[in-house]
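Each remark here refers to the structure printed beneath this line.
The values are calculated or read from the model by the stated rules, or taken from the named source; none is laboratory data. All of these numbers come straight from a predicted model, not from anything done at the bench. Heads up, the Cβs are rebuilt from the backbone with ideal geometry, glycines too, and the neighbour counts pull from every protein chain shown. These accessible areas exclude ligands, DNA and RNA; they are computed on the full protein's heavy atoms, side chains included. Shrake-Rupley method; radii C 1.70, N 1.55, O 1.52, S 1.80 Å.
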Amino acid sequence: MSLMLLIPISLRKLPRDGVLLFVSRFTRLFAYGALSVILVFYLVSLGLSGAQVGVLLTLTLAGDMAISLLLTTRADRIGRRRMLIVGAILMAGAGVAFASTKNLLFLIIAGTIGVISPSGHEVGPFLSIEQAALSHVVSACSRTGVFAWYTLAGSLATALGALCAGTAAGIVQKTWLSTSNSYRVVVLLYAVLGVALALLFTRLSSSTEIEPSAAKGSGVSTRDFLGVGRSRSIVLKLSSLFALDSFGGGFVVQSFAAYWFYLRFGVAPAKLGLIFFWSNVLAGVSALLASRLATRIGLVRTMVVTHLPSNVLLILVPLMPNLTLAVLVLLVRFSISQMDVPTRQSYTIAVVRPEERSAAGGITGIARTAGAAISPIFAGFLFSRPALIDVPFFIAGTLKIAYDLVLYREFAAIRPPEEAD
């Protein structure tokens, strides 16, 4: 009984499918976090230049976008579980391919077809379909709270993945493996976790699916905008804004941020793993505060009020004169930077029809991936020039501030049903 009191109210009534979706989120984000810390180091150790790495990451994200578009817009009609399993198989295949070759062309093909996360954050079809399924098995009043804990689970997993990858790479480099092979171990782990993810998705029940009668009665067809009918206008507006936000964030994805600390202060991978462990822990905890704030001031206001100052702090990171201050500003920034995530996701789910949720989440998620896919190619060129390695932070912060201001202007008056009531 005392153990039950430790479980948050919003999670006590979480059904079995909800638990499985939380576990799958943790497994996937652990893999993403582990890969993000060592990916740029691994690719450079294979002989790729900074510019080539930027091109590869851009094309990788572009491939993730195409896969997401293909799977998420069909998930509500063909089956959410089926699409999640396909995505997990593509994730595992990409990990095996990256660990098996150093040929740039083959890496581009594997990254484009498969699912690889260079940022430590969600890519591929998983998030949109999982959240559509999760919102299908929890009540509307508990949705934002559940999403907040879902975000926390992912942040903690990313943090642990980053810590474990950085520590493991440092240890094996001091023993028997070369630098490149020590990073390859982490890439292979990514592939193994992709297989584990596919097995988890096979355990989901039919409760996570849209009933055929609801899908047919919605009027959504392939002639509509990729599975979205009545919600088309709001989905397009949100997608354009999310693309702007992620385009800015793409200049400082976790892989490049880790590389910046190495170039600027000579920080080793093991220490980088520790830095990004605490960064992601703080980001995850902040999501819980966002849920409570949203109940007081609303989802849109919470998104803007928390995201805007975090972007000011992002601009300040490269202006710090030493490693201690730079890490401190980064940690403070992470402590509020992700408070908009569960609120943004909950808002998107709330303002579209239930039978359009996977497609709407997929389209807005793809827009974010599209924005993030473009910027690494520019960031790669900037990081290849020592005098310009600080510029990505300035570009990212400025663009993300613009996103916050436009988002508030366009959506402050559009409230989800639970707030309107």
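Observations
- Among all residues of region 275-294, there is at least one that is open to solvent by less than 30 Å² (accessible area, probe 1.4 Å), among the small types (G, A, S), more than 16 Å from V317 (Cα to Cα) and at pLDDT 80 or above.
- The listed residue being in a helix (DSSP H, G or I) and free of Cβ contacts under 8 Å to residues at least 60 places away in the same chain, out of A162, A168: A168
- Scanning region 378-395 for residues that are part of a helix (DSSP H, G or I), β-branched (V, I, T) and open to solvent by less than 50 Å² (accessible area, probe 1.4 Å) yields a single hit, V391.
- Taken over region 333-371, the criterion of being under 14 Å from A132 (Cβ atoms) and open to solvent by 20 Å² or more (accessible area, probe 1.4 Å) is satisfied by V351, R353, P354, E355, R357, G365.
- Checking each residue in region 117-141 for being open to solvent by less than 10 Å² (accessible area, probe 1.4 Å), aliphatic (A, V, I, L, M) and not in a helix (DSSP H, G or I) picks out only V123.
- Taking helices (runs of 4 or more DSSP H) as the structural unit, those lying wholly within region 1-102 and holding at least 2 residues that are in contact with a helix residue (DSSP H, G or I) (Cβ under 6 Å, 6 or more places away or on another chain) and buried (at least 21 other Cβ atoms within 10 Å of the Cβ) correspond to 16-45, 50-78, 80-100.
- Candidates A372, A326, A290, A379: the one that is touching a His at 6+ places or on another chain (Cβ under 9 Å), under 26 Å from F277 (Cβ atoms) and of a type in the set (A, V, I, L, M, F, W, C) is A372.
- Qualifying residue in region 355-375 (condition: in contact (Cβ under 8 Å) with a residue 12 or more places away in the chain, touching a Cys at 6+ places or on another chain (Cβ under 7 Å) and either within 25 Å of L59 (Cβ to Cβ) or part of a helix (DSSP H, G or I) (or both)): no
- Residue tally, condition crowded, with 20+ Cβ neighbours inside 10 Å and hydroxyl-bearing (S, T, Y), over region 295-332: 3
- Filtering region 222-238 to residues that are open to solvent by less than 10 Å² (accessible area, probe 1.4 Å) and either under 16 Å from L39 (Cβ atoms) or at pLDDT 85 or above (or both) leaves V235, L238.
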